[in-house]
Amino acid sequence: MVRSPALRAPSVIALLLIAAMLPAIGVAPPAVDAQETVEIFEPRASNSWGVAGLDPGSGNFRYYSPIFDIEQIGDTIYAGGKFLEVTNGATSVDQPYLASFRSTDGARRGAFAPELDWSVFALASHGGRLFVGGEFPTVDDDPSQAGFAALDPQTGRLDASFGVRIGTNNGAQPRVHALEVSDGHLYLAGSFSWIEGSDGQRVNAARLARVDAISGIVDASWRPIVQAGSVWSLAADPANDRVLVGGLFRVVNGESTAAFAIVDDETGALTDYDRTFGLTYFDQGGTNYDFASAIAVADDRVVVGGQVHRLVVADSDLNVFDVYLTNRFDAANGGRGGDIQAIEIHDGTAFVACHCWGQINHQTLDLQFTDDVTDVRSTYAVDLATGDLVESFQPDLSGSSGPWALHVDDRGCLWSGTDATQAGQRAAYGLVRSCPTTDVAAGASVSMRPAPESPDDAAMFAVDGDLRSNRVASSGFARSAEAATPSLDIDLGRLHDVDSVTVWMPTDRVDPGLLDLHVWTSAAPLPSHRWAELRADPAVTEAVRSGDHGGKRSITIDLDQPTRYLRVEADFRAVGTGRLVLTEVTVAGTPIDAPPAADLDLRSTLQTRERIVLRW
């Protein structure tokens with residue numbers, strides 16, 4: 001499901017300042033409050049449970065993600081998809097297609113045990129019910145609930161009182177790909193021919209329908225007719241009296257409007273919009289396989305993504321002012337991958353999931369490539385106020401297909417339903433939770449040890465808060481003339497329970513960068529720069545992230561140590577260079593002792609969700 005809460009003002013606890021990217025040439029974004037700061041998300045799996053196994057499904061929906069949608073009710077996260085088990089890596093429990101987890105820590109909720117016999121594609125909730133859509137023939141062995149059901153969110157048992165059913169005229173398996181509750185209506189989208197309400201009234205419905213979200217009575221007056229395909233996504237937009245739909249279809253209400261359409265929310269008639277929008281942005285060319293798989297709306301924003309790897313950001317009148325393209329422009333990957341799969345809007349930021357493990361290009365409005373290219377690993381974020389890529393959001397995920405489900409919970413954590421098996425340095429089981437960290441505004445003592453052979457190289461070591469390029473910090477850093485492996489020393493000013501250190505390298509360089517990275521930690525000042533002496537000191541701990549990190553531009557090193565003093569350095573002896581090239585370092589943890597000394601000038605300490613980040 002694609003959720004679209006209204007754009008809100010930036011959080012009071014704002015995090016890392018980033019450099020603005022050059023906007024695409026074209027229509028200027030509408031006037032909204034710009035966000036000068038963005039949140040950094042911890043790129044690690046912090047939940048203990050996830051999902052495993054994969055049912056390929058019917059073949060009518062060929063994408064093999066373990067999770068296709070995520071919904072929250074209270075402190076419970078629900079995940080539906082094609083998985084067969086829930087697991088924490090050590091223990092696996094049979095619970096196919098739909099499961100629930102505690103939102104605070106991701107622990108499995110065993111009391112929720114629904115019985116569905118095929119894939120789940122869509123989730124929604126309202127009035128104490130969990131609505132489920134998919135391609136399942138039965139629920140609790142009841143064949144009358146094929147493709148759609150209302151469940152008790154505590155037990156997972158069928159709630160027969162809602163009484164809504166769908167079906168097809170030819171007897172084929174009905175499917176629901178998207179559900180959304182808006183303005184008292186429950187919208188259903190997918191592949192079905194009729195819908196029956198709780199009062200027993202059956203209405204012809206060509207792939208789109210809506211019912212009263214409480215009573216289950218069908219709204220027979222709202223009847224858009226979608227032909228030649230199926231609907232995959234929808235976004236109700238009651239502020240503009242309309243509903244936006246996307247998918248693999250060619251005709252709506254008798255008019256050609258491939259992949260994308262906008263209908264009014266009274267009758268389902270087509271509204272006044274550019275009928276060529278879908279083919280302009282999501283046409284693969286000569287295949288009749290054009291689709292818009294994700295749509296989100298918020299205030300004066302429409303965000304649409306789909307085929308040919310493209311994300312489009314427009315205003316409410318569909319005037320496009322930003323276009324992003326993933327992977328296909330890169331000749332090295334032969335044009336493979338990159339299609340947009342899910343969009344979640346939260347606090348003025350659009351989080352975007354894609355089948356993309358390469359680079360992203362900020363295109364001009366005539367769809368020409370620009371020089372504005374950066375890395376992407378299956379999920380990225382766009383600031384909707386400026387249209388700029390949020391470059392501090394770079395979750396370190398492995399995988400193949402990428403996420404098909406995104407959800408920001410009531411604690412501000414982003415949940416991803418993905419095929420990722422690793423997030424950061426931790427194992428992931430299809431469900432990854434990334435929580436925002438909090439910035440302590442400046443104050444830690446930082447010094448660099450540059451390579452001595454060239455004083456001019458000192459500028460290369462500046463850690464300046466700019467995650468994209470390696471600009472020189474205005475304040476500069478202390479420098480040593482000793483011949484030593486370049487390193488960054490950090491004094492946090494007080495003892496912290498440090499969870500992790502994340503280092504960022506510039507996207508505009510080809511240096512070996514973050515190969516064989518070492519982090520030394522201690523509660524007391526580090527006694528030496530000699531590795532043998534550090535390793536012999538029982539008060540010093542070494543953490544190593546070794547190996548070739550490929551195209552990754554951020555590396556997170558797990559620590560879980562009581563620490564005040566840290567040193568970040570790399571063993572460059574094997575690659576023949578003495579440069580430690582970083583653009584930013586963050587340290588995540590919580591303070592565990594007395595307040596810092598006044599002479600360290602820690603100007604503020606902001607703490608939320610039991611996590612902090614120190615930045616300098």
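The values are calculated or read from the model by the stated rules, or taken from the named source; none is laboratory data. Note that the coordinates shown come from a computational prediction; the quantities given were computed from them, not determined experimentally. In this analysis, Cβ positions are derived from the backbone assuming ideal geometry, glycine residues included, and neighbour counts consider all displayed protein chains. Note: accessible area is taken over every heavy atom of the protein model, side chains too, but ligands, DNA and RNA are not part of it. Shrake-Rupley method; radii C 1.70, N 1.55, O 1.52, S 1.80 Å.
When the residues of the range 221-231 are narrowed to those that are open to solvent by less than 40 Å² (accessible area, probe 1.4 Å) and closer than 22 Å to Gly197 by Cα, which ends up modelled with the lowest pLDDT?
Result: Ser230.
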Do we have Val132 as farther than 18 Å from Gly417 by Cβ, buried (at least 22 other Cβ atoms within 10 Å of the Cβ) and of a type in the set (Val, Ile, Thr) here?
no
Among the residues of the range 247-258, is there at least one that is open to solvent by less than 10 Å² (accessible area, probe 1.4 Å), assigned to a loop (DSSP other than H, G, I, E, B) and among the small types (Gly, Ala, Ser)?
yes
Please specify each residue of the range 340-358 satisfying the condition of being more than 15 Å from Gly306 (Cβ to Cβ) and in contact (Cβ under 8 Å) with a residue 60 or more places away in the chain.
Glu344, Ile345, His346, Asp347, Gly348, Thr349, Phe351, Gly358
Could you check Thr280 against (1) within 20 Å of Asp69 (Cβ to Cβ); (2) assigned to a helix (DSSP H, G or I); (3) not aliphatic (A, V, I, L, M) and say which number it fails?
(1)
Mind checking which residues of the range 263-286 are within 25 Å of Phe121 (Cα to Cα) and hydroxyl-bearing (Ser, Thr, Tyr)?
Tyr281
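Test of understanding: among Asp388, Asp372, which residue is open to solvent by 10 Å² or more (accessible area, probe 1.4 Å), touching a strand residue (DSSP E or B) at 6+ places or on another chain (Cβ under 6 Å), closer than 18 Å to Thr326 by Cα and of a type in the set (Asp, Glu)?
Every option except Asp372 fails the conditions.
So which residues in the range 186-200 are of a type outside the set (A, V, I, L, M) and buried (at least 19 other Cβ atoms within 10 Å of the Cβ)? I'd like the intermediate steps shown before the answer.
Step one: filter the range 186-200 for residues of a type outside the set (A, V, I, L, M), giving 187, 190-194, 196-200.
If the condition is that a residue be of a type outside the set (A, V, I, L, M) and buried (at least 19 other Cβ atoms within 10 Å of the Cβ), then Tyr187, Gly190, Ser191, Phe192, Glu196, Gly197, Ser198 are the ones that fit.
In the range 75-94, what residues are among the hydrophobic types (A, V, I, L, M, F, W, C), outside any strand (DSSP E or B) and in contact (Cβ under 8 Å) with a residue 40 or more places away in the chain? Before you say what the answer is, go through the steps one by one.
In the first step, residues of the range 75-94 are kept if they are among the hydrophobic types (A, V, I, L, M, F, W, C); the result is 77, 79, 83-84, 86, 90, 93.
The next check asks that each one be outside any strand (DSSP E or B); those that pass are 83-84, 90.
Once the filter is applied, which keeps residues that are among the hydrophobic types (A, V, I, L, M, F, W, C), outside any strand (DSSP E or B) and in contact (Cβ under 8 Å) with a residue 40 or more places away in the chain, the range 75-94 yields only Phe83.
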Failed condition for Gly285, given (1) in contact with a Lys or Arg (Cβ under 9 Å, 6 or more places away or on another chain); (2) open to solvent by 10 Å² or more (accessible area, probe 1.4 Å); (3) without any contact (Cβ under 8 Å) to a residue 24 or more places away in the chain, with all others met?
(1)
What is the one condition in (1) of a type outside the set (Val, Ile, Thr); (2) at pLDDT 85 or above; (3) outside any loop (DSSP other than H, G, I, E, B); (4) surrounded by fewer than 20 Cβ atoms within 10 Å (Cβ to Cβ) that Pro527 does not satisfy?
(3)
Of everything in the range 288-326 that's part of a helix (DSSP H, G or I) and at positive phi, which residue is surrounded by the fewest Cβ atoms within 10 Å (Cβ to Cβ)?
Val308
Can Thr280 be described as modelled with pLDDT of 95 or more and of a type in the set (S, T, N, Q)?
no
